[in-house]
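Engineer: Provided herewith is a single structure, encoded as structure tokens, for subsequent inquiry.
The values are calculated or read from the model by the stated rules, or taken from the named source; none is laboratory data. Quick caveat: nothing in here was measured; it's all calculated off a predicted structure. Please note: Cβ atoms are built from the backbone with ideal geometry, for glycine as well, and neighbour counts cover all protein chains shown. The accessibility values were calculated without ligands, DNA or RNA, using every heavy atom of the protein model including side chains. Shrake-Rupley method; radii C 1.70, N 1.55, O 1.52, S 1.80 Å.
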Amino acid sequence: MNKRLRFKGELSTTAMGIMPHIDIDAALKCALAMDIPFWPQLPRVSYYEDMYVQAMENFPGIVVDEKRFRIFVDSDKFMDDIPAYLEKEDNPDFFRISDKHSVLYQRFLSQNLSVYKSIRGQVISPVSLALKIVDENDKPIVYNDEMRALVFSFIQKKVNVQYRDLEMRNENAFVWVDDPGLEFIFNAMCGYENTKAKEELTGFFDDIKGPRGLHLCGRPDWDFLLSLNIEILSFNAYAFGDIFVTYDNVKKYLEKGNLISWGIVPTYYEEFSKEDVESISGRLVNMWRVLEKKGIDREMIIENSLLAPATCNLLNPDKTATVENAFKLLEAVSLHLRDRYLKN
């Protein structure tokens, strides 16, 4: 087991933070039903719960136009805000998520979370954040060296404050960073080179407390991901698992005792409606067979595997129904595979 991790995967379930719910009680109930529960992000409840807006709370120069659903950094305001920001850098409360930016964070923390194997939080990655957030001229702040450097430091503090909050409730807690934009740095048109991103992400994770995790739903360079200094990698295995398992670095990653969270149950209605316990389980087992042919022991795979939905989803016409059913199918798949591999 990796020295930063205090628990084994053993096909335990978790899920992404973003949920389509307006009913906060229903969202929390779904999250707490996971083996490794998390606090839900509910962007349909408030624009401030958008993962980018949520993460940018208290960032110097930030401007949130709730009516127009627009967020940006004003360059002049950024410079004006820096002195006050530096005075508050050592205050954990300054980096803690407020009730305005999350209706469920404090409520999640108030639950009896010590009874779970682990608990999980999430923050948007500094790479995705800097690629998405723009200045007053609509230029992504990733191209402003001063702003980008502060984003990495800022999110690092956000992760560590959240980790401390969670660890007080469960010693096996972890926080992963969501990185939906990471795949774009491998595009020649990006302008933010992946070598620079690798250097800055490595420095970012170096000072993260507790287990270090990264989640993404897209298709980046897998060797890039597997070489990062992280202990938990969460990805869309339903879409990309067949490709992922062909990479030799998966073996090296698992041999270090790191965890893979296999996003295996689809949350889009069209895909979900075609699947059941047997089809999803078979899909995953076939991926593991490829790894076994590469010399990875099945026991190691099971020990270092978490299970999750393939993606979050706000787009289904049935609103929450398919997502909730995907959570239930995920639980059934986990129980089916645990009965097959952990009770022998």
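Engineer: From zero up to wherever the largest Cα-Cα distance of segment 90-130 sits, split into 10 Å bins and tell me the percent of pairs in each.
Structural biologist: 21, 43, 32, 4
Engineer: So which trypsin sites (Lys or Arg not before Pro) in segment 68-119 pass both tests, a DSSP loop state and at most 11 other Cβ atoms within 10 Å of the Cβ?
Structural biologist: Those that pass, being in a loop and sparsely packed, are R68, K100.
Engineer: Shifting gears a bit: With everything on Cα atoms, drop me the angle between helix 277-293 and the longest principal axis of the chain, reported from 0 to 90° to the nearest 10.
Structural biologist: That helix lies at roughly 90 degrees to the long axis.
Engineer: Further, regarding this structure: Roughly what % antiparallel, to the nearest 5, for the DSSP beta bridges in the chain?
Structural biologist: 15
Engineer: If you don't mind, there's one more thing I want to ask. Could you pull out the GluC sites (Glu not before Pro) across segment 166-267 that fall in loop regions by DSSP (anything but H, G, I, E, B) with no more than 14 other Cβ atoms inside 10 Å?
Structural biologist: The qualifying sites are E171, E193.
Engineer: If I build a Gaussian network model for the chain, linking alpha-carbon pairs within less than 10 angstrom, which residue out of S153, S234, S261 has the largest mean-square fluctuation?
Structural biologist: S153
Engineer: GNM, the chain, Cα, under 10 Å: largest mean-square fluctuation among P83, P43, P220?
Structural biologist: P83
Engineer: Considering only protein heavy atoms, with the full assembly of protein chains and a 1.4 angstrom probe, order M56, M300 by accessible area, largest first.
Structural biologist: Reading off the accessible areas and sorting them downward yields M300, M56.
Engineer: So, one more: In whole Hz, with x marking every Gly and Pro, tabulate ³J(HN,Hα) for segment 146-159 from phi via Karplus 6.51 cos²θ - 1.76 cosθ + 1.60, θ = phi - 60°.
Structural biologist: 5, 5, 4, 4, 5, 4, 4, 5, 4, 5, 4, 5, 4, 4
Engineer: Pairs of alpha-carbon atoms within less than 8 angstrom and 6+ residues apart define the contacts here; what relative contact order does segment 256-344 have, in percent?
Structural biologist: For segment 256-344, the relative contact order is 47 percent.
Engineer: Provide R120, R298, R164 ordered by accessible surface of protein heavy atoms (probe 1.4 Å), highest first.
Structural biologist: R164, R298, R120
Engineer: Continuing with this model, one more query. With a Förster radius of 45 Å, plug the Cβ-Cβ distance of A321 and D80 into 1/(1 + (r/R0)^6) and report the FRET value to the nearest 0.05.
Structural biologist: 0.40
Engineer: For A310, list long-range residues whose amide hydrogen, built 1.01 Å from N in the peptide plane, is under 5 Å from its own amide hydrogen.
Structural biologist: Amide H neighbours of A310: I264, V265, T267.
Engineer: Ok, one more. Please compute the Kirkwood hydrodynamic radius over segment 257-344, one decimal place, Å, based on all pairs of different Cα atoms.
Structural biologist: 13.7
Engineer: Given contacts defined as C-alpha pairs under 8 Å and at least six residues apart, what's the relative contact order of segment 1-160, whole-number percent?
Structural biologist: The value is 22 percent.
Engineer: In the structure shown, do any of K158/K252; K100/K157; K8/K256 have a Cα-Cα gap over 22 Å, and if so which?
Structural biologist: Where the Cα-Cα span goes over 22 Å, the pairs concerned are K158/K252.
Engineer: Place a point 7 Å from the Cα of K343 along the Cα-to-Cβ direction; which residues of segment 20-59 have their backbone N under 18 Å from it?
Structural biologist: Answer for segment 20-59: 35.
Engineer: Among the GluC sites (Glu not before Pro) within segment 62-110, which fall in a DSSP loop and have no more than 16 other Cβ atoms within 10 Å of their own Cβ?
Structural biologist: Of the GluC sites (Glu not before Pro), the ones in loops of segment 62-110 whose Cβ has at most 16 other Cβ atoms within 10 Å are E66, E89.
Engineer: Right, here's the next one. Leaving ligands, DNA and RNA out of it, report the carbon-plus-sulfur percent of the accessible area of segment 1-143 at a 1.4 Å probe.
Structural biologist: Carbon and sulfur atoms account for 47 percent of the accessible area of segment 1-143.
Engineer: With mean projected area of the Cα convex hull in nm² as the read-out, I listed (i) 16.9; (ii) 18.2; (iii) 35.2; which label goes with the value calculated from this structure?
Structural biologist: This structure yields the entry labelled (i).
Engineer: Could you derive backbone 3J(HN,Hα) for segment 14-29 from the dihedral phi with the Karplus parameters 6.51, -1.76 and 1.60 (θ = phi - 60°), listing whole Hz in sequence and x where the residue is Gly or Pro?
Structural biologist: Running phi through 6.51 cos²θ - 1.76 cosθ + 1.60 with θ = phi - 60° gives 8, 7, 5, x, 6, 10, x, 6, 9, 6, 5, 5, 5, 5, 5, 4 Hz.
Engineer: Given the -39500 (n - 2.57) contribution per DSSP H run of 4+ residues, what per-residue ellipticity at 222 nm results for the chain, rounded to the nearest 500 deg cm²/dmol?
Structural biologist: Computed mean residue ellipticity for the chain: -12500 deg cm²/dmol.
Engineer: Something else about it: What figure in square angstrom, to the nearest 10, would you give for the accessible area of H336 with a 1.4 Å probe?
Structural biologist: 60
Engineer: A follow-up question, please. Can you tell me what percent of all Cα-Cα pairs in segment 213-320 are more than 17 Å apart?
Structural biologist: Considering segment 213-320, 52 percent of its Cα-Cα pairs are separated by more than 17 Å.
Engineer: Taking springs between alpha-carbon atoms closer than 10 angstrom, which of A321, A84, A173 fluctuates most in the Gaussian network model of the chain?
Structural biologist: Most flexible of the set in this elastic network: A84.
Engineer: Continuing with this model, one more query. Roughly how tilted is helix 321-341, in degrees to the nearest 10 and between 0 and 90, from the longest Cα axis of the chain?
Structural biologist: 50
Engineer: Using a 1.4 angstrom probe, figure out how much accessible area the chain has per residue, in square angstrom, rounded to the nearest whole.
Structural biologist: 43
Engineer: From the C-alpha coordinates alone, can you work out the Kirkwood hydrodynamic radius of segment 55-205, in Å?
Structural biologist: 16.6
Engineer: How far apart, in nm, are two points set 7 Å out from the Cα along the Cα-to-Cβ line at Y143 and at I24?
Structural biologist: Roughly 3.9 nm, to one decimal.
Engineer: Sorted from largest down, give the three principal axis spans of the alpha carbons of segment 1-130, whole angstrom values.
Structural biologist: 50, 37, 26
Engineer: Also, I was wondering about something else. Can you tell me the Rg and Dmax of segment 71-143, counting just the alpha carbons, in angstroms?
Structural biologist: 16.4, 49
Engineer: Could you work out the relative contact order of the chain? I mean the mean sequence separation of Cα pairs under 8 Å and 6+ apart, divided by the number of residues, in percent.
Structural biologist: Computed value for the chain: 20 percent relative contact order.
Engineer: Leaving out ligands, DNA and RNA but keeping every protein chain, what accessible area does D90 have, in Å² rounded to the nearest 10, with a 1.4 Å probe?
Structural biologist: D90 exposes around 150 Å² with every protein chain in place.
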